[in-house]
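Enquirer: Provided herewith is a single structure, encoded as structure tokens, for subsequent inquiry.
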Amino acid sequence: MELAFFVDPLGEFKLEKDSTFAMMAEAAKRGHRIVAFGQGDFALDRDEVTVRASHIELTGKEDASWFRVLETRNRRLESFDAVIVRKDPPFDVEYVNSTYFLELAEKKGAKVFNRPEAIRSHNEKLTIAQFPEFIVPTLVTSDENRLRAFHREHHDVILKPLNAMGGTGVFRIRVDGINLGAIIETLTENGHKTVMMQKYIPEIARGDKRVLLINGQLVPFALARIPQNGEIRGNLAAGGLGRAQPLSKRDRQIAETLAPVLAERGLFLVGLDIIGDWLTEVNVTSPTCFREITSQTGFDVARMFVDELEKTV
């Protein structure tokens, strides 16, 4: 097959933990042709969506020379067997525009994973509200008074923006409320941006678990991302320590409930974030942790991903 990956710049990949690289390497091992393009490569001419796409060859190395470009030219998205969306947030206006390009191409016959409409419809923070039985008390608003009232009720809370990743902009406000006003002003931009506030989950000390769903199937291991050095954030990008572990009974309950629902909506790859017994995020843009789970458990997540992709395409 010819697989087109919508990605951030290839030269910026951190190979030791990059799930997209793992996908590409597994696909290339099977003889599939790998093509890459970025957010600035889209064009729409009348009703035809094209991308400036680079056919790449993997060198087998895991350093800056991990790929070489064989050819770059304009291609119609429907000419590929599959288009795999792996562009990281922030989910800004340009990201939304990219989903419109992808959706137009889909109408021409392109097979896109995850489906662009499904990505747009599932904010990675807000989607948890569709599954209230699995979440802690949560408030989403830009109103300072409501945020302050929520803090007074729950005493120890987490405040975070809706469209960032990697733990960016996440704050814990304890019972004393120190800096609460300044944090609210900063994250809401003085009431102009919506944020999420949640009751603090102490089990974060044992890790923010990433549970992967691929085509409605559960990867049997989670990666618990454990905060380090006094941090409240377990995200690997924020210095968290990743520890692979089997899914708990509660992990499975949450994942088995969500998996068929999300797969039916066109979300081929999903990363659920679970702290303790509670669902905190539903990641649909570029879920990661393939390499960490594989290296620690021997379960080849990239192989599962390409197996399921081949079945679907």
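The values are calculated or read from the model by the stated rules, or taken from the named source; none is laboratory data. Keep in mind that what you see is a predicted model, and the values were worked out from it rather than measured. Neighbour counts are summed over all protein chains in view; Cβ atoms, including those assigned to glycine, are modelled from backbone coordinates with ideal geometry. Accessible surface is based on the protein model in full, side chains and every heavy atom, while ligands, DNA and RNA are left aside. Shrake-Rupley method; radii C 1.70, N 1.55, O 1.52, S 1.80 Å.
Enquirer: With angles folded into 0 to 90 degrees, how steeply does helix 144-154 sit against the dominant principal axis of the chain? Use alpha carbons for both and round to 10.
Expert: Helix 144-154 sits at roughly 70 degrees to that axis.
Enquirer: Please report the equivalent ellipsoid semi-axes of the chain, computed as sqrt(5 x eigenvalue) of the Cα gyration tensor, largest first, in whole Å.
Expert: Output for the chain: semi-axes of 34, 22, 18 Å.
Enquirer: Roughly how many percent of the accessible protein surface of the chain is carbon and sulfur, given a 1.4 Å probe and a whole-percent answer?
Expert: Solvent-exposed carbon and sulfur of the chain make up 47 percent of the total.
Enquirer: How high is the relative contact order of the chain, in percent, with contacts defined as C-alpha pairs under 8 Å that are six or more residues apart?
Expert: Once normalised by length, the contact order is 18 percent.
Enquirer: Which angle between 0 and 90 degrees, to the nearest 10, do you get for helix 301-312 versus the longest principal axis of the chain when only C-alpha atoms count?
Expert: 60 degrees
Enquirer: Still on this model: Equivalent-ellipsoid semi-axes (√(5λ), Cα gyration tensor) for the stretch 152-290, whole Å, largest first?
Expert: 27, 17, 13
Enquirer: How large is the translational diffusion coefficient of the stretch 116-224 in µm² per second when you combine the Kirkwood radius over alpha carbon pairs with Stokes-Einstein at 25 °C and 0.890 mPa s?
Expert: The Stokes-Einstein estimate is 161 µm²/s.
Enquirer: Using a 1.4 angstrom probe on the protein heavy atoms only, line up ARG243, ARG86, ARG30 by accessible area, largest first.
Expert: Output order, biggest surface exposure first: ARG243, ARG30, ARG86.
Enquirer: What number comes out for the charge environment of GLU71, summing +1 per Lys or Arg and -1 per Asp or Glu over other residues with Cβ under 13 Å away?
Expert: Neighbour charge sum, excluding GLU71 itself: +3.
Enquirer: Something else now. Using the alpha-carbon centroid of each, what span in Å lies between the stretch 105-137 and the stretch 22-39?
Expert: Cα centroid to Cα centroid, the span is 24 Å.
Enquirer: Given H placed 1.01 Å from N in the peptide plane, which residues other than close sequence neighbours of THR141 have an amide H under 5 Å from its amide H?
Expert: Amide H neighbours of THR141, under 5 Å, 5+ apart: VAL195, MET197.
Enquirer: Hey, how many Å between the Cα centroid of the stretch 139-217 and the Cα centroid of the stretch 267-313?
Expert: Each part reduced to its Cα centre gives a spacing of 24 Å.
Enquirer: For the stretch 33-136, calculate the relative contact order in percent as a whole number, restricting contacts to Cα pairs under 8 Å that are 6 or more residues apart.
Expert: Taking the mean separation of contacting Cα pairs over the length of the stretch 33-136, I get 22 percent.
Enquirer: Can you tell me the FRET efficiency between ALA237 and ASP47 if r is taken as the Cβ-Cβ distance and R0 is 41 Å, rounded to the nearest 0.05?
Expert: Calculated value: 0.60.
Enquirer: For labels at LEU15 and VAL313 in the simple 7 Å Cα→Cβ model, what's the distance in nm?
Expert: It works out to 2.3 nm between the two label points.
Enquirer: Full extension from GLU133 to GLN296: what is 0.36 nm times the residue separation minus their Cα-Cα distance, to one decimal in nm?
Expert: Gain on stretching GLU133 to GLN296: 55.5 nm.
Enquirer: Would you mind getting me the FRET efficiency between ALA149 and LEU126? Use the beta-carbon distance for r and R0 = 30 Å, nearest 0.05.
Expert: Working from the Cβ atoms, E equals 0.90.
Enquirer: To continue, here is another question. For ALA222, list long-range residues whose amide hydrogen, built 1.01 Å from N in the peptide plane, is under 5 Å from its own amide hydrogen.
Expert: GLN245, LEU247
Enquirer: Above 13 angstrom, tally the Cα pairs of the stretch 178-220 and express them as a % of all pairs, no decimals.
Expert: Summing the P(r) of the stretch 178-220 above 13 Å gives 72 percent of all pairs.
Enquirer: Rounded to the nearest whole Å², what accessible area per residue is found for the chain with the 1.4 Å probe?
Expert: Ligands and nucleic acids excluded, the result is 45 Å² per residue.
Enquirer: Here's another thing I want to ask about it. For the pair LYS193 and LYS29, what calculated FRET efficiency results from E = 1/(1 + (r/R0)^6), where r is the Cβ-Cβ distance and R0 = 35 Å, to the nearest 0.05?
Expert: 0.20
Enquirer: Ok, one more. Mind checking Rg over Rh on the stretch 1-159, alpha carbons, Kirkwood formula for Rh?
Expert: Rg/Rh: 1.09.
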